[in-house]
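The values are calculated or read from the model by the stated rules, or taken from the named source; none is laboratory data. Please read all numbers here as calculations on a predicted model, not as lab measurements. For neighbour counting, all protein chains shown are included, and Cβ atoms are generated from backbone atoms with ideal geometry for every residue, glycine included. Areas reflect the complete protein model, heavy atoms only, side chains present, ligands, DNA and RNA absent. Shrake-Rupley method; radii C 1.70, N 1.55, O 1.52, S 1.80 Å.
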Amino acid sequence: MSRFFKNKYFISAVGGLLSGFLNGLFGSGGGTVVVPFLEAFLDQEEHTSHATAILIILAFTTVSLFFYGRGNHLDYALAIKVSLGGVAGGFLGARLLKKLSAGVIRKIFGAFMLLAAVRMVVG
């Protein structure tokens, strides 16, 4: 493999492009790609991958929000209601992340990904 494809900047850009595309297309689907990408291709451990993914997703979401908002595809009242619970859940999740082992985090994340996949296929 050429040095170009081993370059961390190139790998990061390709992963970001793919994750950002999925986030824009599916709303927040990029997050399911970012964590495994950070671990597999950029050698990040689980705790760092999950925490870093939140910041990366913020950037994707900001761009997607602009375009969805311009197209009048947002339900602001619903977003505020769900966000209130999301803020509390984010706080609790971030606190819990520090206390869990990498193996447990991996299993929980995998279970959620499997559940999401089954739900998408079955309906």
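Taking square-rooted eigenvalues a ≥ b ≥ c of the alpha carbon gyration tensor, is the chain rounded, prolate or oblate, where a/c under 1.5 means rounded and, failing that, a/b exceeding b/c means prolate? Don't skip to the answer; put the middle values down first.
Numbers: a/c = 1.71, a/b = 1.20, b/c = 1.42.
Since a/c reaches 1.5 but b/c is at least a/b, the shape of the chain is classed as oblate.
Once phi is turned into θ = phi - 60°, what whole-Hz ³J(HN,Hα) does the Karplus curve with 6.51, -1.76 and 1.60 give for every residue of segment 54-64, x standing for Gly and Pro?
3J(HN,Hα) across segment 54-64, in whole Hz: 4, 5, 4, 5, 4, 5, 4, 5, 4, 5, 4.
Please work out whether segment 51-110 counts as rounded, prolate or oblate from its C-alpha gyration tensor, where a ≥ b ≥ c are the square roots of the eigenvalues and a/c under 1.5 means rounded, while otherwise a/b larger than b/c means prolate and anything else oblate?
Prolate shape, in that a/c is at least 1.5 and a/b is the bigger ratio.
Please turn the phi angles of segment 19-24 into ³J(HN,Hα) values with the Karplus equation 6.51 cos²θ - 1.76 cosθ + 1.60 (θ = phi - 60°), one per residue in order, whole Hz, x for glycine and proline.
5, x, 4, 5, 5, x
Would you mind getting me the FRET efficiency between Lys99 and Thr62? Use the beta-carbon distance for r and R0 = 35 Å, nearest 0.05. Write out the running numbers ahead of the final one.
Working: r = 30 Å, r/R0 = 0.85.
It comes out at approximately 0.75.
Could you give each residue of segment 70-78 its phi-based ³J(HN,Hα) in whole Hz, using Karplus coefficients 6.51, -1.76, 1.60 with θ = phi - 60°, and x for Gly or Pro?
Using θ = phi - 60°, the values come out as 5, x, 6, 10, 10, 9, 4, 4, 5 Hz.
Just to be sure I understand the model, the point goes 7 Å from the Cα along the line to the Cβ. What's the resulting Val87 to Thr52 distance in nm?
2.9 nm
Using a probe of 1.4 angstrom, how much of the accessible area of segment 1-99 is carbon and sulfur, in percent? Working shown, then result.
Details: 5210 of 7210 Å².
On segment 1-99, the fraction of accessible area on carbon and sulfur atoms equals 72 percent.
Round to a whole angstrom and tell me the spacing of the C-alpha centers of segment 20-85 and segment 98-117.
The two parts, judged by their Cα centres, are 18 Å apart.
Solvent-accessible area per residue for the chain at a 1.4 Å probe radius, Å²? Let's see the in-between values first.
On the way: 9210 Å² over 123 residues.
For the chain, the solvent-accessible area averages 75 Å² per residue.
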